[in-house]
Protein chains: 2
Amino acid sequence: MSAFRKALQGNKVLIFDGAMGTLLQSRGLVPGQSPEQFGRSNPEAVAAAHRDYLEAGADVITTNTFGGTAYKLGTDIDVRAFNAQMAAVARKEAGDKHFVAGSVGPTGHMVRPLGNVGFTDLVQAFRTQIRGLVEGGVDCILAETHFDLAEAKAVVVAARQECDLPVGVSMTFEGGCSLTGTPPHCFVDTMQNLDVDLLATNCSAGPEQLVEVVRDMLPRLQTPLLVEPNAGLPELIDGETVFNLGPEAFAQQMRQFVELGVGCVGGCCGTSPDHIRALGRECPEKSAAANSVFSPCPPVVVTSRFGSVTLGPKSPLALIGERINPTGKKDLTAELQAGELQRACALAAEQVQAGATVLDINVGAPLVEESQLIPELVLELSRRQQVPLCLDSADPDAIELGLQAAPGSPLVNSISGEEGKMERLAPLCVRYGAPFILLPLEGGALPVSAESRLSIIQRLIDKALALGVPKRLIVVDALALTVSSKPEAARACLETIRACQERWAVPSVLGLSNISFGLPARELLNSTFLTMATGAGLSGCIANPGSVRLQEALAASEVLLGRDPQAQHFIQGYAEWTPGTGAVPARATASGGGEEERT
Amino acid sequence: MSAFRKALQGNKVLIFDGAMGTLLQSRGLVPGQSPEQFGRSNPEAVAAAHRDYLEAGADVITTNTFGGTAYKLGTDIDVRAFNAQMAAVARKEAGDKHFVAGSVGPTGHMVRPLGNVGFTDLVQAFRTQIRGLVEGGVDCILAETHFDLAEAKAVVVAARQECDLPVGVSMTFEGGCSLTGTPPHCFVDTMQNLDVDLLATNCSAGPEQLVEVVRDMLPRLQTPLLVEPNAGLPELIDGETVFNLGPEAFAQQMRQFVELGVGCVGGCCGTSPDHIRALGRECPEKSAAANSVFSPCPPVVVTSRFGSVTLGPKSPLALIGERINPTGKKDLTAELQAGELQRACALAAEQVQAGATVLDINVGAPLVEESQLIPELVLELSRRQQVPLCLDSADPDAIELGLQAAPGSPLVNSISGEEGKMERLAPLCVRYGAPFILLPLEGGALPVSAESRLSIIQRLIDKALALGVPKRLIVVDALALTVSSKPEAARACLETIRACQERWAVPSVLGLSNISFGLPARELLNSTFLTMATGAGLSGCIANPGSVRLQEALAASEVLLGRDPQAQHFIQGYAEWTPGTGAVPARATASGGGEEERT
Ligand SMILES: [Zn+2]
Ligand SMILES: [Zn+2]
Ligand SMILES: [Zn+2]
């Protein structure tokens, strides 16, 4: 384990440094000039600023490379050499008693669909910068002041491809979410899926304004947290920006984070070596809360840019809308073959309206180029809908491109025991922090009995773990088979669901519609089975959210499983419900169905 | 263990004797005279007949006491002395190498409600006869040629009160059931609840005609089985009744029973010592099937005179109609207070029509004498309805009288951990072969968590077993508490259901309606919870069978749990079902409700 990782786990609060700009201004940086431009020709000034922070007691200093990508430095500068130079300056001052964090800020360009830059272009740019930082000798990569989830994800992907150093990511929130709409807990969930080593929030206003942000993060945290606020709110005094919190006031406000369990503190805009010195005095040791906040058994979380959907025993069932799937839908098939996405987008809207919390995307049909259409549809839906996506394709290239296009942590549907499948897809899921559905199929024969399912699941989980997949990315398909041809299959499926929870503590999902194939009253059978499965511990279901029966069953199930506090949602939707007539709450009426067959 | 019990478990087929009457005729019995009258004054003739069978190879001879109760012997004969005399005659011939079965036939009188004799009167009559048989030295009591379940039950109750000898019961079937409507499997279930040592069928036509009877019994058997057919069909030849199967043909036909697993054979009308001799040659050893047919883990079965309802993982959920309960029903309360049962009987009919498979009987209201009304209602419903009953009363005397009035094995609702309750009621359940609902309540506080429920259940099961209750009489109430005030209660109830199956292998039931108290859309919540509970392994539910939602949920659940072969019932009821409109199969429309509130 690296010394930095060890330090993150020690009892001492790790003190990071404060603002660099102000210190460089006092050493010659002029308005309009970037700290990077200045530092490149005045490395001694940068070294002196680092020394100021080290003398003030900082354990970690941050390289002067915040704007160190080609996007910011311009084309006439050697990105790699510049970053190596700045990293070396910091390294020299830090010696081997202190740590150097290689700062990686935003590029200033938006990734598609918000802007025109491709995700892989961003990754490339970050890789060049990070290669330089690593050459210069940093102890970790620290993405700072990020405001877009996709860009932050690009830094992590880049760092993992360049080095084995610890990676930290810091995001800036205002009014409850980042500039492009990500709430703090969703940032935490996404980054933990990427297995980052340090989570952080920085800049924003002063410490008081970050309390809500930290409180939103804490229940999900399994990773050390760094808090680096500005020195309060900026005021314009005599034409100069002055921050309103002095060192003592700042440090005293910072104590509450340590008490909440935060283990790393530092400062952002307006903080000086004096702030850092005061911080060291106020926050010497971690509090008892520091360890207790890290929940030992994480649920699986899928995310979009806008939110998280948790798959776990304490969370409401994730309803994964199944209808973006050309099977049996002529119009959708024709549109997808023509490369058009309107009908798919309409199905997305209908399903979200009906209560889908995740959208499955399947464009598999003859003459459809999935590796082109999947990423296009991901971008389109990421712009139009706020729910996470589920990438459903037999084409691994399409999955890979979809993973790059999705800003958060989409769900991959699925990885079976098919030859080579796990080897090809599991590393992609790890790289992009994407949970996947493990499909217990091997060698062609359907496992009907619970025993045969469980032994396949055991083998596939073992294989995934051996490939370095963390357990928090594994979801099991409990395999709902057709009960009319396999009367024991539904019972075996229920047993599988229980085993997933009890034996492996992994969540399970299932595709609902198969179960009733060939029988009448399919909606009745489907909703009945979903109820049983939910009672047995199912975490998610791939289904048509337009089914009124399904919605009724789910609403009632959540009350019964104690996941609808004070039955608030249920009472809201079903206060006027009467038996037999099937009165339906507003959000469940957009059943649609249109010209398409239900599968 | 008695020598007779040991012999039942050995590898040799036990050979019983054949008809007594024919042998006595050849020794002086004249037409119109009963074998008992004749034997009383000609004990040597009886002894000679016994010798004939012993010489023919019989292991067990049967006393000449078939008509040995006061009802048959008349009032001028000392019943006890007569039975002791006949038993002693047989004992002397059998010595200590062979066994004597003390024959107890029907009284010729019908028990209420079919006739005018009370159940306890029958028990008294049988006790006197059995006391004599025991004095005379029989090895077991064998009730023969019975045709009414209640009367057969009275023999067992009487025998258990008089002695510790093994008890066997033989019933005669014709056209698929006994004279008063009991099918063979229901006879087996009821008698096994009474823990008899030997089950039997005798008389009827020849062996071929008993094959169906034995096949109906075998899947339920956990008790040795004796088959004693007549020597084929009787023909009138020259004014004399002659049976058409000679010794060899008879014995050859009997082989098939041994191959099916039957371990005891003998003959009834028309069989002679030659038949028994041939039997001994054809059937020396038990077949391998003899042990395999006894299922190791019996389900709990409640019965009426007409049929059985099984509570177990392979059986459809038992729907116990809750509506015969005056709580919240003004008209029913008033009627019960006036001692009238019309409304209760109407509620019974409605519920059976709606699909109830068991009827709960609760008449608890102020000014109602339960110990009078419960047995009256039991008799009334035993006459009008074919489903088993569930005796629901806080008054132990009412339960005891109800147990005497019910012809089969009713369910007792319930035995809690309340001081003295188990000690008072458990011995009654054992005596009358009645399964009971174990209610996990102790000392007033409701156990909400699964842990607290399970520890109470463990204690109460231990207590019951210590009181000699066999496990096949124990059903656990999984305790559905109100989810609006205890949000974790429903989940705990599901866990309790699973533990009942996995830890104790006892079935569980629950009273459904509490769960949704205080919430809207109660029928939706109730049917949803019932579905979850059924999926978790629930075996029975006390509920209003008139709920369409409930019926839909149950029909679908049985398909999904593989308990509706080829989904036959489901397709029959729901082929035309469409979602939302709630189209309902015929038998589920008699919802009723009338003036009464639903509780
Ligand atoms: Zn800042
Ligand atoms: Zn900063
Ligand atoms: Zn006979």
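Laboratory data are not the source of any read-out in this text; all were calculated from the coordinates shown. Please read all numbers here as calculations on a predicted model, not as lab measurements. All Cβ positions, glycine included, derive from the backbone under ideal geometry; neighbour counts span all protein chains shown.
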Over region A:423-465, what number does the Rg to Rh ratio reach, with both radii from the alpha-carbon atoms and Rh per Kirkwood?
-> 1.03
Which shape class, rounded, prolate or oblate, goes with region A:1-87 when its Cα gyration tensor gives a ≥ b ≥ c as root eigenvalues, a/c under 1.5 marks rounded, and past that a/b bigger than b/c marks prolate?
-> oblate
Which value, in nm² and rounded to one decimal, describes the direction-averaged projected area of the C-alpha convex hull of region A:368-419?
-> 3.7 nm²
XL table B:314/B:471; A:286/A:463; B:97/B:286; A:72/A:92; A:6/A:92; Cα-Cα > 29 Å flagged, in table order, is A:286/A:463
Among the residues of chain A, which one places its Cβ closest to the rotation axis that maps chain A onto chain B, and what is that distance in whole Å?
-> A:531, 2
What ranking of B:323, B:27 emerges when the number of other C-beta atoms within 10 Å of each C-beta is taken as an exposure proxy, fewest first?
-> B:27, B:323
Tally the DSSP beta bridges in chain A and give the antiparallel ones as a percent, rounded to 5.
-> 20 percent
Using alpha carbons only, how many degrees (0 to 90, rounded to 10) separate the axis of helix B:370-384 from the longest principal axis of chain B?
-> 70 degrees
Computed over region B:340-493, the Cα gyration tensor eigenvalues, each multiplied by 5 and square-rooted, give semi-axes in Å (largest first) of 27, 19, 14
Okay, which of region A:75-93 sit inside 14 Å, backbone N to the point 7 Å along the Cα-Cβ direction of residue A:135?
-> A:77-89
Within chain B, helix-based [θ] at 222 nm, where runs of 4 or more DSSP H residues each add -39,500 (n - 2.57), nearest 500 = -13000 deg cm²/dmol
Other copies of residue A:467: label-to-label distances in nm, shortest first, labels 7 Å along the beta-carbon direction = 5.9
Which values, in whole Å and largest first, are the semi-axes of the equivalent ellipsoid of region A:50-199 obtained as the square root of 5 times each eigenvalue of the Cα gyration tensor?
-> 24, 18, 13
Based on other C-beta atoms within 10 Å, arrange B:504, A:577 from fewest to most.
-> B:504, A:577
Rounded to the nearest 0.05, what FRET efficiency do residue A:349 and residue A:576 give with R0 = 25 Å and r taken as the Cβ-Cβ distance? Could you check?
-> 0.45
With a point put 7 Å past each Cα toward its Cβ, work out how far residue A:55 is from residue B:463 in nm, to one decimal.
-> 8.0 nm
Order of A:120, A:528, A:223 under a 10 Å beta carbon neighbour criterion, fewest first = A:120, A:223, A:528
Work through the residues other than residue B:306 whose Cβ is under 13 Å from its Cβ and net out their charges, Lys, Arg +1 and Asp, Glu -1.
-> +1
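Can you tell me how much longer the chain between residue B:235 and residue B:124 gets when fully stretched, taken as 0.36 nm per residue apart minus their C-alpha distance, in nm with one decimal? All intermediate terms of the calculation are to be shown ahead of the outcome.
Working: separation 111, 0.36 × 111 = 39.96 nm, distance 3.85 nm.
Here the answer is 36.1 nm.
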What are the nm distances, shortest first, from residue B:6 to its equivalents in the other copies, labels at 7 Å along Cα→Cβ?
-> 7.6
Based on the Cβ-Cβ distance from residue A:394 to residue B:488, what FRET efficiency comes out when R0 is 51 Å, to the nearest 0.05?
-> 0.75
Provide the FRET efficiency to the nearest 0.05 for the residue B:252-residue B:41 pair, computing r from the beta carbons and using R0 = 35 Å.
-> 0.35
Cα-Cα pairs of the protein assembly as shown separated by more than 44 Å (percent) = 54 percent
Starting from the coordinates of the alpha-carbon atoms of region B:268-345, obtain the Kirkwood hydrodynamic radius over all distinct pairs and give the value in Å to one decimal.
-> 18.5 Å
Treating the angle as unsigned and between 0 and 90°, give the value, to the nearest 10°, between the Cα long axis of helix A:548-560 and the longest Cα principal axis of chain A.
-> 60 degrees
Classify region A:238-278 as rounded, prolate or oblate, taking a ≥ b ≥ c as the square roots of the eigenvalues of its Cα gyration tensor: rounded when a/c is under 1.5, otherwise prolate if a/b is larger than b/c and oblate if not.
-> prolate
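Once you sort the root eigenvalues of the Cα gyration tensor of region A:393-441 as a ≥ b ≥ c, which label holds: rounded (a/c under 1.5), prolate (a/b larger than b/c) or oblate (the other case)?
It comes out prolate by the Cα gyration axes.
Under 10 °C and 1.306 mPa s, how fast does region A:300-588 diffuse according to Stokes-Einstein, given a Kirkwood radius computed over C-alpha pairs? Answer in µm²/s, whole number. Could you put the intermediate results ahead of the total?
Values: Rh = 19.2 Å.
In µm²/s, the coefficient is 83.
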Could you check the simple spin-label distance between residue B:449 and residue A:78, using points 7 Å along Cα→Cβ, in nm with one decimal?
-> 6.7 nm
Report, in degrees rounded to the nearest 10, the 0 to 90 angle that the Cα long axis of helix B:522-536 makes with the longest principal axis of chain B.
-> 50 degrees
Chain A, Kirkwood Rh and Cα Rg, ratio Rg/Rh at 1.01
Taking region B:3-288, the whole-percent share of alpha-carbon pairs separated by over 30 angstrom is 22 percent
